[in-house]
Amino acid sequence: MSAWRGRVAAVLAVLGLCLAPGAGAAELKEGRDFREIYPPLAAERNKIEVTEFFWYGCPHCFDFEPVLMPWVRKLPADVVFRRVPAVFPNNKWTPGARLYYTLEAMNLLDRLHAEAFNAIHLERKRLDNEKVLFEWVATKGVDAARFKEAWASFGVESRIRQARELTKAAGLSGVPAMVVHGRYQAITPGTYGELIVLLDQLIDGVRAETGRK
């Protein structure tokens, strides 16, 4: 058994927790509760990293957002959260990734990330159409010329390429996909509330595995 496989076995022993309050003492099991990513994705060295892979056009990601964000705001100091807009080989989701990284480059994520979800799913705007998108950002008080410049920039293009590589390396088949410390993809149970409980358990497992307190 490799050192990595040995660590995984140790984590499985640690994660003898209930999947949800009142659910009974069911141990978390690979293939049922999580999928191991091997080789693991690069993650923060000094903190436990939780990554959400998402797509703006995904209705499930939209539904998950109001459950996810209150949890993110209360994460302990040793846990860091990040998002990666998933990009698959057919590049259908590339415009969504470009939108995310353009907002990031312009320091607009806090203001417009949720607004982008709402525009697509509540207002039925086709933000994957550049003309519609540029008109939409202008209504949000964003300098359209600066947005177009960032949209077409080398930096944003580089981030999209990295997102494509991460999506492939994670072996994802869909979104939302939650990955804990680059190692374990949580398998979505019955509800998003139960998924949050599962994420907490996986975080506890990584914390125990790495000797963090």
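The values are calculated or read from the model by the stated rules, or taken from the named source; none is laboratory data. These numbers come from a predicted model, not from an experiment. Cβ placement follows ideal geometry from the backbone for every residue including glycine, while neighbour counts extend to all protein chains displayed. These accessible areas exclude ligands, DNA and RNA; they are computed on the full protein's heavy atoms, side chains included. Shrake-Rupley method; radii C 1.70, N 1.55, O 1.52, S 1.80 Å.
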In debye, nearest 20: dipole of segment 28-127 around its Cα centre with unit charges on the Cβ of K, R (+) and D, E (-)? 220
What longest range of the chain stays clear of loop-exposed GluC sites (Glu not before Pro) (DSSP non-H/G/I/E/B, at most 16 other C-beta within 10 angstrom)? 124-213
In square angstrom, what is the accessible area per residue of the chain with a 1.4 angstrom probe? 51
Would you look at the GNM of the chain, springs on alpha carbons closer than 10 Å, and say which of Tyr101, Tyr192, Tyr184 moves the most? Tyr192
Expected output is a single nm value to one decimal: the length gained when fully extending between Asn46 and Ala144, i.e. 0.36 nm times separation in residues minus the C-alpha distance. What is it? 31.4 nm
For segment 120-213, averaging the sequence separation of alpha carbon pairs under 8 Å that lie six or more residues apart and dividing by its residue count, the contact order in percent is 11
Answer in debye to the nearest 20: the dipole magnitude of segment 136-189 about its Cα centre, from +1 Lys/Arg and -1 Asp/Glu charges placed on Cβ, is 80
In debye to the nearest 20, the charge dipole size for segment 55-213, taken about the Cα centre with +1 at each Lys and Arg Cβ and -1 at each Asp and Glu Cβ, equals 260
How compact is the chain by the rule of thumb for globular proteins, expressed as Cα Rg over 2.2 N^0.38 Å? 1.09
Accessible-area order (highest first, 1.4 angstrom probe) of the listed residues Asp33, Asp143: Asp143, Asp33
Lys pairs in the chain with Cα under 15 Å (8 or more apart in sequence, or on separate chains) total 6
Structure-based [θ]222 nm, the chain - -39500 (n - 2.57) summed over DSSP H runs of at least 4, per residue, nearest 500: -15500 deg cm²/dmol
Sorted by chain and number, the residues with a modelled amide H under 5 Å from that of Val80, at a separation of 5 or more or across chains, are Ile48, Glu49, Val50
